[in-house]
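One structure is given here, and the rest of the page talks about it.
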Amino acid sequence: MLLLRILSRLLSIAVTLFGVALVVFVVIRLIPGNPIAMMLPPGATDDDIARLTALYGFDKSIPEQFVIWLGGVLQGDFGTSISLRQDVLGLVLGRLPGTLELAGLALFFAVLIGVALAIFGTIRRGKKTETGIDIWNGLTLSTPDFLWGLALILLFGVVLQWFGISGRVSPQLDLPFVTQFYLLESLARFRLDLTADLLAHMWMPALALALPLSAMIAQVLKVSLKEVMTLDYTLLARTKGYTERQVIFREALRNAALPTLALTGVQLTHLIGGTVIVERLFSYGGLGSMAIDAVINRDLPLIQGIVLTFAVIFVAINLIVDLLYTVLNPRLRHG
Amino acid sequence: MSFLTIQDLDVRLRGSGQRLLRGVSLEVAQGQVHGLVGESGAGKSMIGKAILDVLPRSVEIAGGRITLGETDLTALPAKARRHELGQRTALIPQDPLTALNPARRIGGQITDRLTRVLGWGAARADARAVELLDEVQISDPARVMKSYPHELSGGMRQRVLIAAAFAAEPELIIADEPTTALDVTVQKQILKMIAAMQAAHNTTMLFVTHDLGVVARVCQRVSVLFAGHVVEDADIHTLLSVPGHPYSQALLSATPRYDDPRASLRPVPQSVIDATRAEAEAHDV
Ligand SMILES: Nc1ncnc2c1ncn2[C@@H]1O[C@H](COP(=O)(O)OP(=O)(O)OP(=O)(O)O)[C@@H](O)[C@H]1O
Ligand SMILES: [Mg+2]
């Protein structure tokens, strides 16, 4: 039974990824603008354009191009970037860790802030503190991530000038890293000086991405918590001599977490989508800012590679959320 | 000498000030089982919750005193009261389906109070839990302790909750309609078990029910409650043979008799209800 479930899951993943690949492939070819013409210097002849177009295979029909591209992808060949003239897979893998670390930090902030506000609001439910938290959440929720980014840049970068507002790490530093996961590697190598420098660059874009999600987590979790806090088993826990905080942490949180977990899964894909603009805003070298360049340059192979990578991330997030769901809810483990 | 004493307990709805308990007083001697009967909404559970300090947030204690042994509970600061109650009292809840945390294994839910409040080690607490599960006649306690609530039947869960209530040898147990949610066939077993455990542990007990038949089996004294007001407080024999208040009489006639199941039942007459309500409300000044 389990095997069947895994197989059907894998099949649905394959179908999803294929669908995304197909739609993106076709759509970016229907948008006007010749990528080859854009990369050539102004004096290029029609002949030059035709020769290069054939070289990249853009003279063939779209279905033909798709089959060729898909064949390559299945063998791990994602083609060559037109604007950067490098292997797409290498480019994407080089930028992906930066984005994953940024999104990971943002998720960490969002959960930390969201859960803390939800718990605090639940303990003080019905009091002024809860109203204050509701107002703050409303404000955070209705302000998009890039506006938070601008606000943070203005406050800490321009007015107070406490932090640099651009890049992933200070350029003058000597980096000993062998992978692109700078933050993780700095921790693994115990180079906390580098960790500090990385965090000084990352915290603002991460916080900008995190705030809207943190408000969503706070509101949904608070509603669930308040409901669970009226149930019989939390009442029984109180009769055991638990304080409100103990009741929340030992009895309520796990059961209240399920709706929030589902929401966080869905919203995390939004957060990762948000990296595209926020990375550009902070000149952070990740996949998102590369995506913008790729679109501006009509770099079709690169766009395809990036979009497919995002799709794989989204599918992976869904898978992880489902797994966590089963872990948190023992009733799902059987049957 | 009474062990649990409630004096003039006044509980009101926050905001509107509507009265839910109107000067309730009762005394329970150590080791006694005291029944609380009355129709739905009379305030039986409210009394239990007030004692255990788990009243809903929408209501508040507006007056009165609750004393447990030498301790005036109402005079304690909130945190100390919770802690004191956690060590000395326990609740057997009404609905075994909702009173266990669905995400936690049974074992932990029995030993919580031992490990978290009394500071026992895990091994000692587990051994005690096995002992208790034996006592409530659950076979294979080790397996049950590793189970999740949804893997057990309603009767099994209620046994687990009874075991958990007795775990820390509380001085007072409040049983709030502990058999109402169960199958009729299981009800009697559970009732017998609670009575036997109460006797074996010599625990003082407040037994909430709307069923006079149940009261007759387990209680020594009874308070009859109507609209948050105690209309009669009597020992069980007096109440069943010569009830003093018209409402108690009417309630008795409305209860099926075990010795004569076909005896005709008369619902409580409206005139009695009205008169009793007037009496209860005369308390509000
Ligand atoms: N959470 C609450 N908020 C406000 N009022 C409540 C709340 N719970 C109960 N009440 C009211 O308090 C009164 C007493 O309720 P209580 O639960 O003590 O009744 P009961 O005698 O236990 O009845 P039952 O046999 O149905 O359990 C009822 O009028 C009820 O409407
Ligand atoms: Mg009740």
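The values are calculated or read from the model by the stated rules, or taken from the named source; none is laboratory data. Here the structure is a predicted model, which is why all the values come from computation and not from measurement. Don't worry about glycine lacking a Cβ; one is built from the backbone with ideal geometry, like all the others, and counts go over all protein chains shown. Please note that ligands, DNA and RNA were not included when accessible areas were found on the heavy atoms of the full protein model with its side chains. Shrake-Rupley method; radii C 1.70, N 1.55, O 1.52, S 1.80 Å.
Would you list A:Tyr233, A:Tyr325, A:Tyr182 from the most to the least accessible area, probe 1.4 Å?
A:Tyr325, A:Tyr182, A:Tyr233
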Which number comes out as Rg/Rh for the range B:116-183 once both Rg and the Kirkwood Rh are worked out on C-alpha atoms? 0.97
Gap separating the Cα centres of the range B:200-245 and the range A:101-122, nearest whole Å: 52 Å
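Just to confirm, what accessible area per residue do you get for the protein assembly as shown at 1.4 Å probe, in whole Å²? Don't skip to the end; give the middle numbers.
Values: 29280 Å² over 620 residues.
Value returned for the protein assembly as shown: 47 Å² of accessible area per residue.
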Whole-Hz couplings from phi, Karplus 6.51/-1.76/1.60, listed for the range A:239-254; x for Gly and Pro: 5, 7, x, 6, 7, 3, 5, 5, 4, 5, 6, 8, 10, 8, 4, 4
Report B:Ser248's accessible area, 1.4 Å probe, all protein chains in place, as a number in Å² to the nearest 10. 10 Å²
Check A:Arg191: other-chain or 5+ apart residues with amide H under 5 Å from its amide H, H built from backbone geometry? none
What is the mean number of Cβ atoms from other protein chains located within 10 Å of the Cβ atom of each residue in peptide A:265-274, rounded to a whole number? 0
Give me the angle, in degrees from 0 to 90, between the Cα long axis of helix B:184-201 and the longest principal axis of the Cα atoms of chain B, rounded to the nearest 10. 80 degrees
Radius 14 Å from Cβ of B:Ala227, net charge of other residues (Lys, Arg +1; Asp, Glu -1): -2
Kindly express, to the nearest 10 degrees and within the range 0 to 90, the angle between helix A:46-55's C-alpha long axis and the longest C-alpha principal axis of chain A. 60 degrees
Can you pull the percent of chain B's accessible area that's carbon plus sulfur, 1.4 Å probe, other chains left in place? 51 percent
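Within 10 Å of each Cβ of B:88-99, how many other protein chain Cβ atoms are there on average?
That works out to 3 on average.
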In the protein assembly as shown, taking the dipole from +1 charges on Lys and Arg beta carbons and -1 charges on Asp and Glu beta carbons about the Cα centre, the listed residue (A:Ile36, A:Leu152, A:Ala252) farthest towards the positive end is A:Ala252
Each residue of the range A:74-90 in turn: what ³J(HN,Hα) in whole Hz from Karplus with 6.51, -1.76, 1.60 and θ = phi - 60°, glycine and Pro shown as x? 4, 9, x, 10, 9, x, 10, 5, 6, 6, 9, 6, 10, 4, 4, 4, x
Under 5 Å, built H, 5+ apart or other chain: amide partners of B:Arg14: B:Val59, B:Glu60
Nearest 10 degrees is fine. How inclined is helix B:78-88 to the longest principal axis of chain B, computing both from alpha carbons? 70 degrees
Value of [θ]222 nm, deg cm²/dmol, for the protein assembly as shown, DSSP H segments ≥ 4, -39500 (n - 2.57) each, nearest 500: -18000 deg cm²/dmol
Percent of C-alpha pairs per 5 Å bin, the range A:1-149, short to long: 1, 7, 9, 12, 11, 10, 11, 10, 9, 7, 5, 4, 2, 1, 0
Under 5 Å, built H, 5+ apart or other chain: amide partners of B:His229: B:Arg22
Using the C-alpha gyration tensor of chain A, what are the square roots of 5 times its eigenvalues, in whole angstrom, with the largest one first? 43, 26, 18
per DSSP, antiparallel bridges as share of beta bridges in the protein assembly as shown, % nearest 5, sits at 60 percent
Chains A and B: accessible area buried, summed over both chains, 1.4 Å probe, nearest 100 Å², reads 2300 Å²
Just the number, please: carbon plus sulfur as a percent of the accessible area of the range A:46-133, 1.4 Å probe, no ligands or DNA/RNA counted. 64 percent
Just the accessible area for A:Trp136, please: 1.4 Å probe, Å², rounded to the nearest 10? 100 Å²
Of A:Thr122, A:Thr275, A:Thr131, the most mobile residue in a GNM of chain A (C-alpha springs, cutoff 10 Å) is A:Thr131
Sorting A:Ala215, A:Gly241, A:Leu198 by the position of each Cα along the dipole of the range A:190-265 (Lys, Arg +1; Asp, Glu -1; all at Cβ), the one nearest the positive end of that ordering is A:Gly241
DSSP beta bridge pairing in the range B:2-284, given as percent antiparallel to the nearest 5: 60 percent
Calculate the length of the line joining the C-alpha centroid of the range A:145-216 to that of the range A:249-298, in whole Å. 16 Å
Within straight cross-link reach of A:Lys240, meaning Cα distance under 18 Å, which aspartates and glutamates are found once same-chain residues fewer than 8 apart are removed? A:Asp232, A:Glu251, B:Asp53, B:Glu84, B:Asp95, B:Asp112, B:Asp126, B:Glu169, B:Glu171, B:Asp176
If a/c stays under 1.5 just call it rounded; otherwise compare a/b with b/c (prolate if a/b is bigger, oblate if not). Do that for chain B, with a ≥ b ≥ c from the square roots of the Cα gyration tensor eigenvalues. oblate
Of B:Arg19, B:Arg128, B:Arg57, which has the largest mean-square fluctuation in a 10 Å C-alpha GNM of chain B? B:Arg57
